[in-house]
Amino acid sequence: MSYTYDDQNIFAKILRGEIPNTTVLETEHALAFRDLYPQAPTHVLVIPKGPYVCFDHFAQEATDVEIIDYVRAVGEVCKIEGVAEDGWRLIANAGEHAVQEVPHLHVHVLAGRPLGRMLAKA
């Protein structure tokens, strides 16, 4: 599948410094920041700095260095936020059916309260 990256999406603008954010962690290949509309007491978004639309795009086209740095950034965010003891959730939406709102790969790190089921039982 081919992916078309929109460099005018809000996360691209954040990466260029055009929109401010509350940074939790920045690495060579990733940026983690607090969600403006948190769905849990801890709600941090982690994005790669490269132009990737969704996780499968990233997994197929990112370099090994980018992938390692990004995955380790997610782990470091969990450490910084102290979420390991009580549990946390990692969510990545991809495409229309998953209601991906920003066409730039991002994961949500959610914690700080019971989060319930991911999906209602069918």
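The values are calculated or read from the model by the stated rules, or taken from the named source; none is laboratory data. The structure displayed is predicted, hence computed values, not measured ones. Cβ atoms come from the backbone with ideal geometry, glycine included; neighbour counts cover every protein chain shown.
Considering only the range 106-113, I want to know if a residue exists there that is of a type outside the set (S, T, N, Q), surrounded by fewer than 19 Cβ atoms within 10 Å (Cβ to Cβ) and over 16 Å from the mean Cα position of the chain (by Cα).
yes
Is there a residue in the range 85-102 that is of a type in the set (D, E, K, R) and under 24 Å from Lys13 (Cα atoms)?
yes
Here are some residues: Ala30, Ala59, Ala92. Which one is within 17 Å of Leu105 (Cα to Cα), surrounded by fewer than 18 Cβ atoms within 10 Å (Cβ to Cβ) and in contact with a Phe, Trp or Tyr (Cβ under 6 Å, 6 or more places away or on another chain)?
Going through Ala30, Ala59, Ala92 in turn, just one is within 17 Å of Leu105 (Cα to Cα), surrounded by fewer than 18 Cβ atoms within 10 Å (Cβ to Cβ) and in contact with a Phe, Trp or Tyr (Cβ under 6 Å, 6 or more places away or on another chain): Ala92.
Could you tell me how many of the residues in the range 34-57 are of a type outside the set (D, E, K, R) and touching a helix residue (DSSP H, G or I) at 6+ places or on another chain (Cβ under 7 Å)?
Total meeting the criteria: 7.
In the set Ile14, Ile67, which member is surrounded by 17 or more Cβ atoms within 10 Å (Cβ to Cβ) and either touching a strand residue (DSSP E or B) at 6+ places or on another chain (Cβ under 9 Å) or of a type in the set (Gly, Ala, Ser) (or both)?
Answer to the selection: Ile14.
Take the range 76-89 and flag every residue that is surrounded by 12 or more Cβ atoms within 10 Å (Cβ to Cβ) and in a helix (DSSP H, G or I).
Glu76, Val77, Cys78, Ile80, Glu81
List every residue pair whose Cβ atoms lie under 8 Å apart, where the two residues are 6 or more positions apart in sequence or sit on different chains, the first residue falls within the range 36-61 and is under 15 Å from Gly95 (Cβ atoms) and outside any strand (DSSP E or B), and the second residue, located anywhere, is modelled with pLDDT of 95 or more and of a type in the set (Ser, Thr, Tyr).
Qualifying pairs under 8 Å: Tyr52/Tyr5; Val53/Tyr5; Phe58/Tyr52; Phe58/Tyr70.
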